[in-house]
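S.K.: Let me begin by handing over the structure; questions about it come next.
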Amino acid sequence: MIWFQILAILGLVALVTFFMIHRGTARSSAGVKLLFVAFVVFGVYAMLRQDDVTWVANKIGIQRGLDLVLFLLVIAFAFTTVSTYLRFRELEIKYARLARAVALQNAEKQSRE
Amino acid sequence: MTSGATSNDDVWLVIPVFNEAEVIRRVASDAAKTFPNIVCVDDGSRDDSTGEIIKAGVRLVRHPVNLGQGAAIQTGVEYARAQPGAKYFVTFDADGQHRVEDVVAMIDRLRTEPVDIVVGTRFAEGRSESVPFVRRMALRTIVFLSPRTRRMGLTDAHNGLRAFNKTVADQLDLMMSGMSHASEFVALIDHHHWRVTEQPVTILYTDYSRAKGQSLINGVNIVADGLLHTRMRK
């Protein structure tokens, strides 16, 4: 099972790195949407056909299907947290620049009066 | 305006202000005796800081919402660098921690030495005794953890007192809104290859400034922002 763990962690790091480097491009934005759809489809399938998930899990050295789902959930959650944080930071920067422009315009107006 | 003050016509003091109504008028008017050009950036204060700034007779720029100290400094610098004749800029705290004499010495060095930015340090010439122990340890740790700070020979990267020339002011683009701007400032010095030097300064730790000072747990936020800000700058 150890090879799966290593692979999963490396995959997660690669995924986060890829999306951080290509952040804001149409390609990465489309990638996120596709990943989301794939994740939801997988989730629904896992609920309906639990034995199939266990079969896949066994193939890659994990005992229970539920464990596989949980691992994937952890990866998805970590990824979502990082990308949400970055998105918020970007918005904060835009918001600060907008507020600054308003403040500087008002100061200019006051000094003319 | 006194005759002494006219020689500092090309200097602008930038003071970020957030809920400092109690002290800001005294701090600003004291500094104005030496440096006639002061801009206070009221960062969306909920008390009467604005009124006190106006009474002090200095320029006021008002953020419509609270954005944090880094954002206020950036706003103040953008305002000051657009003023005719502005050559030197100083970031100065509103809580009365900084001494005007130190600013005078820093501006003198900018005028005479080949440097772009002078950063204050609490840890020179045995002045560190005045710094409270826990704070001293925390600030030492920040320097220890930052290879960049050590490489540039800075001993007190989180000192709010900085004086710099127009080159720095024109290129300055702080994006970390909160307290992380100090680390960001160091990163920018490195990135733009500004010639930097330190100036020993004395920080006046009053009860008021101690109460207002950033909490040490905020160091966690500073470290997290620092890890991510290189990516944000893309």
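S.K.: Does B:GLU22 fit the bill of being among the acidic types (Asp, Glu), touching a helix residue (DSSP H, G or I) at 6+ places or on another chain (Cβ under 8 Å) and either part of a strand (DSSP E or B) or over 22 Å from B:ASP170 (Cα atoms) (or both)?
M.R.: Yes, satisfied.
S.K.: Right, here's the next one. Only one of (1) out of contact with any Pro (no Cβ under 6 Å at 6 or more places or on another chain); (2) surrounded by fewer than 16 Cβ atoms within 10 Å (Cβ to Cβ); (3) among the hydrophobic types (A, V, I, L, M, F, W, C); (4) within 14 Å of chain B (Cβ to nearest Cβ) is not met by A:LEU70, so which one is it?
M.R.: A:LEU70 satisfies every listed condition except (4).
S.K.: Select from region A:25-52 the residues that are exposed (fewer than 12 other Cβ atoms within 10 Å of the Cβ), farther than 14 Å from A:ALA76 by Cα and not hydrophobic (A, V, I, L, M, F, W, C) and list them in ascending order.
M.R.: Across region A:25-52, the qualifying residues are A:THR25, A:ARG27, A:ASP51.
S.K.: For the subset of region B:125-134 comprising residues that are at pLDDT below 70 and outside any loop (DSSP other than H, G, I, E, B), which member is surrounded by the most Cβ atoms within 10 Å (Cβ to Cβ)?
M.R.: B:SER128
S.K.: With the requirement that a residue be over 14 Å from the mean Cα position of the chain (by Cα) and within 18 Å of B:TYR88 (Cα to Cα), what does region B:174-188 give you?
M.R.: Across region B:174-188, the qualifying residue is only B:LEU188.
S.K.: Still on this model: Which is more than 11 Å from chain A (Cβ to nearest Cβ), out of contact with any Lys or Arg (no Cβ under 9 Å at 6 or more places or on another chain) and more than 23 Å from B:GLU22 (Cβ to Cβ), of B:ALA105, B:ALA86?
M.R.: On the way: B:ALA86 fails: out of contact with any Lys or Arg (no Cβ under 9 Å at 6 or more places or on another chain).
Selected residue: B:ALA105, the only one of B:ALA105, B:ALA86 that is more than 11 Å from chain A (Cβ to nearest Cβ), out of contact with any Lys or Arg (no Cβ under 9 Å at 6 or more places or on another chain) and more than 23 Å from B:GLU22 (Cβ to Cβ).
S.K.: Out of (1) closer than 22 Å to B:GLU198 by Cβ; (2) surrounded by fewer than 23 Cβ atoms within 10 Å (Cβ to Cβ); (3) out of contact with any Phe, Trp or Tyr (no Cβ under 7 Å at 6 or more places or on another chain), the odd one out for B:VAL65 is which?
M.R.: (1)
S.K.: Looking at B:SER49, B:SER45, can you tell me which residue is among the hydroxyl-bearing types (Ser, Thr, Tyr) and in contact with a Cys (Cβ under 9 Å, 6 or more places away or on another chain)? Talk me through it step by step, then tell me what you get.
M.R.: Details: B:SER45 fails: in contact with a Cys (Cβ under 9 Å, 6 or more places away or on another chain).
None of the other options fit; the residue is B:SER49.
S.K.: Another one. For region B:79-101, enumerate the residues that are touching a residue at least 40 places away in the same chain (Cβ under 8 Å) and assigned to a helix (DSSP H, G or I).
M.R.: If the condition is that a residue be touching a residue at least 40 places away in the same chain (Cβ under 8 Å) and assigned to a helix (DSSP H, G or I), then B:TYR79, B:ALA80, B:ARG81, B:VAL100 are the ones that fit.
S.K.: While we're on this one: Which condition number in (1) in contact (Cβ under 8 Å) with a residue 12 or more places away in the chain; (2) more than 14 Å from chain A (Cβ to nearest Cβ) is the one that B:GLY68 fails?
M.R.: The single condition B:GLY68 does not satisfy is (2).
S.K.: Okay, moving on. Could you please find all residues in region B:47-65 being under 15 Å from B:TYR79 (Cα atoms), within 9 Å of another protein chain (Cβ to nearest Cβ) and β-branched (Val, Ile, Thr)?
M.R.: Correct list: B:VAL61 only.
S.K.: For A:ALA96, are the conditions met, namely being under 30 Å from B:SER45 (Cα atoms), within 14 Å of chain B (Cβ to nearest Cβ) and in contact with a Phe, Trp or Tyr (Cβ under 9 Å, 6 or more places away or on another chain)?
M.R.: no
S.K.: Restricting attention to region B:156-203, which residues are assigned to a helix (DSSP H, G or I) and surrounded by fewer than 17 Cβ atoms within 10 Å (Cβ to Cβ)?
M.R.: B:LYS166, B:THR167, B:ASP170, B:GLN171, B:ASP190, B:HIS191, B:HIS192
S.K.: May I pose another question? Identify all residues within region B:106-124 that are assigned to a helix (DSSP H, G or I), in contact with a strand residue (DSSP E or B) (Cβ under 6 Å, 6 or more places away or on another chain) and closer than 15 Å to B:VAL201 by Cα; write none if there are none. Can you show your working first?
M.R.: Initial filter on region B:106-124 (assigned to a helix (DSSP H, G or I)): B:106-112.
With the extra rule that they be in contact with a strand residue (DSSP E or B) (Cβ under 6 Å, 6 or more places away or on another chain), the set shrinks to B:106-107, B:109-110.
Across region B:106-124, the qualifying residues are B:MET106, B:ILE107, B:ARG109.
S.K.: Let me ask something else. Exactly one of (1) in a loop (DSSP other than H, G, I, E, B); (2) touching a helix residue (DSSP H, G or I) at 6+ places or on another chain (Cβ under 8 Å); (3) surrounded by fewer than 23 Cβ atoms within 10 Å (Cβ to Cβ); (4) acidic (Asp, Glu) is unmet by B:ASP30. Its number?
M.R.: (1)
The values are calculated or read from the model by the stated rules, or taken from the named source; none is laboratory data. Predicted model, so just to flag it, every value in this text is computed and none were measured. Cβ atoms come from the backbone with ideal geometry, glycine included; neighbour counts cover every protein chain shown.
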